[in-house]
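Worksheet for the structure shown next.
Read-outs throughout are calculated quantities, based only on the coordinates presented, and are distinct from any laboratory measurement. Values in this document were obtained by computation on a predicted structure and should not be read as measured data. Positions of Cβ are backbone-derived with ideal geometry, glycine not excepted, and every protein chain shown enters the neighbour counts.
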Amino acid sequence: MQSKDLPLPDVAKISALIDALRDCAKKSAKAQWEDNPADTYQAPSLASWDAFMWFELVKDWEMVEFLLADDLRARRLMRSLQSLLQWYGQAEINEILAQVRIMSLRN
């Protein structure tokens, strides 16, 4: 599909995607910490997600089609989302580490 044919999702849909991605990152970071307590979060690669994985997250086929399109705007958004996923996940790991430090000081 040509870039001019692919509508850019509206701000509300992108905002909902970011919120869902934040929740996903927090869950992922907690699960990662439980499996292997480390101080660095390793975000999953969003580029490897298929349409059904995206739909499970956003529940919007228009957004899924945009994210998976071979379009410069979609690739830019995907890179930004990957950075957000890493940032939110690392923030969650940092929060867990802070709680662990507090717990260890109390004991």
- Note on the structure: Given Cβ charges of +1 for Lys and Arg and -1 for Asp and Glu, the option among Met63, Leu77, Trp33 whose Cα lies farthest towards the positive end of the dipole of the chain is Trp33
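Please work out the Cα convex hull volume for region 59-107 and give it in Å³ per residue. Display every interim value, and only then the final one.
Numbers: hull volume 3.2 nm³, N = 49.
Cα convex hull per residue, to the nearest whole number: 66 Å³.
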- Query: Going toward the positive end of the dipole of region 1-96, with +1 on Lys and Arg Cβ and -1 on Asp and Glu Cβ, which of Val11, Gly89, Trp49 do you reach last?
  - Reply: Val11
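Per 0.36 nm of contour for each residue apart, how much would the distance between Glu34 and Leu68 grow if the chain were fully extended, relative to their Cα-Cα spacing?
Between Glu34 and Leu68, full extension yields an extra 9.1 nm.
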- Dipole in debye (nearest 20) - the chain, about Cα centre, beta carbon charges: Lys, Arg +1; Asp, Glu -1: 400
- Item | Range of Cα positions in region 1-49 per principal axis (Å), largest first | 46, 22, 14
- Kirkwood Rh, Cα Rg: Rg to Rh for region 34-91? 1.03
- Per Stokes-Einstein, at 10 °C and 1.306 mPa s, what whole-number D in µm² s⁻¹ belongs to the chain, with the Kirkwood radius over Cα pairs as the hydrodynamic radius? 105
- Message: Could you work out the relative contact order of the chain? I mean the mean sequence separation of Cα pairs under 8 Å and 6+ apart, divided by the number of residues, in percent.
- Response: 43
- Hey, got the dipole for region 63-107? About the Cα centre, +1 on K and R Cβ, -1 on D and E Cβ, debye to the nearest 20? 220
- Which angle between 0 and 90 degrees, to the nearest 10, do you get for helix 11-35 versus the longest principal axis of the chain when only C-alpha atoms count? 40
- Query: Any idea how many Lys pairs in the chain come in under 25 angstrom at the alpha carbon, given 8 or more places apart or on separate chains?
  - Reply: 8
